[in-house]
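Novice: Please find one structure pasted underneath; my questions will follow.
The values are calculated or read from the model by the stated rules, or taken from the named source; none is laboratory data. Please read these numbers as outputs of a predicted model, since none were measured by experiment. Cβ: placed from backbone, ideal geometry, glycine included. Neighbour counts: every protein chain shown. To get the accessible areas, we keep the full protein, side chains included, count just its heavy atoms, and leave off ligands, DNA and RNA. Shrake-Rupley method; radii C 1.70, N 1.55, O 1.52, S 1.80 Å.
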Amino acid sequence: MTGREYSIPATAYIKNESSSEVRWRELPDLGRDDGDMGLWPVTASSAHDEQTPFIDYQVYVDKAGQIPMLIGVIPTQDVNPERGLRIAIAIDNSELVVLDARQGMLDTFNEYTSSNLKKSPVLDALPKADKSMKLIVGNNFCRNGLYDAVRWLSAKLSVKSVGLHHLRVYMVDPEVVLERIIVNPDNKHPSYMGAPESMKNATGNY
């Protein structure tokens, strides 16, 4: 895997775009950092397009092509199985990539057994964690979203050029809470806490 690894705290955004009914808001002292970003109100209806509330981050990539990213969210139960638990991301003005925030969720209460999946008209199988990412599956340690206080969602976004880009995180379902973004996760040197924060990623200097 090429490219430099760095992370961005959820609160280090450059723009926070609300709608008339829903907004992203800072949740101080939540998670591993100074705070996280959640949606308000959490009773809002799900949304499905570029007109939904988003938070904008400036990222620097030193290669073109498929850029791997990890999106860290606070572990949340599948509170509404009929619609799932989703978030969307996009680079610049590209098409939205919807991520299932149940990715890697522990089936603590054995709800998603093969028997229950066959019987239920609303349950969908839990997406499996991306085992190609060592930060997700662990490196000689056991990953557990509850103990780690973070669930890592994996994605690859197509970037056409080296340099500065805008990464936008869009609301789909209102219960998702964003903690951290990791750009170019390094499988050769994984750490328990993930990549350190880089306040210089906007200039391309590390």
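Novice: Restricting attention to region 54-158, which trypsin sites (Lys or Arg not before Pro) occupy a DSSP loop and are surrounded by at most 14 other Cβ atoms within 10 Å?
Specialist: 63, 83, 128, 131
Novice: Let me have the 222 nm mean residue ellipticity of the chain computed from DSSP H runs of 4+ only, each contributing -39500 (n - 2.57), with the sum over all residues rounded to the nearest 500.
Specialist: So the calculated ellipticity at 222 nm is -1000 deg cm²/dmol.
Novice: Each residue of region 83-94 in order: what ³J(HN,Hα) in whole Hz does its phi give by Karplus 6.51 cos²θ - 1.76 cosθ + 1.60, θ = phi - 60°, with x for Gly and Pro?
Specialist: Listing the rounded values in order: 10, x, 9, 10, 9, 10, 9, 7, 9, 6, 9, 6 Hz.
Novice: What is the percent of Cα-Cα separations in the chain that go past 28 Å?
Specialist: The answer is 25 percent, as a whole percent.
Novice: Calculate how large, on average over all directions, the projected area of the Cα convex hull of region 1-108 is; give the answer in nm² to one decimal.
Specialist: 8.4
Novice: For residue 133, what residues show an amide H to amide H distance below 5 Å, using hydrogens built from the backbone and excluding near sequence neighbours?
Specialist: none
Novice: Quick one: with all protein chains in place, what share of the accessible area of the chain is carbon or sulfur, to the nearest percent (1.4 Å probe)?
Specialist: Details: 5300 of 10680 Å².
Roughly 50 percent of what the probe reaches on the chain is carbon or sulfur.
Novice: Along the positive direction of the dipole of the chain (beta-carbon charges: Lys, Arg +1; Asp, Glu -1; about the Cα centre), which of 167, 8, 189 reaches farthest?
Specialist: The residue sitting most towards the positive pole is 189.
Novice: Before anything else, pin down the relative contact order of the chain: Cα pairs under 8 Å, at least 6 apart, normalised by residue count, whole percent.
Specialist: Once normalised by length, the contact order is 39 percent.
Novice: Using 0.36 nm per residue, how much length does the chain from residue 43 to residue 156 gain when fully extended, once their Cα-Cα distance is taken away? Write out the running numbers ahead of the final one.
Specialist: Working: separation 113, 0.36 × 113 = 40.68 nm, distance 3.00 nm.
Taking 0.36 nm per residue and subtracting the Cα distance, the gain is 37.7 nm.
Novice: Roughly how many debye, to the nearest 20, is the charge dipole of the chain about its Cα centre, given +1 on each Lys and Arg Cβ, -1 on each Asp and Glu Cβ, and no other charges?
Specialist: Dipole of the chain, to the nearest 20 debye: 680 debye.
Novice: Put a dot 7 Å past each Cα toward the Cβ at residue 118 and residue 80; how far apart are the dots in nm?
Specialist: 3.0
Novice: Next question, about the same structure. Note the full-extension length gain between residue 19 and residue 147 as 0.36 nm times their separation in residues minus their Cα-Cα distance, in nm to one decimal.
Specialist: Additional length available on full extension: 42.7 nm.
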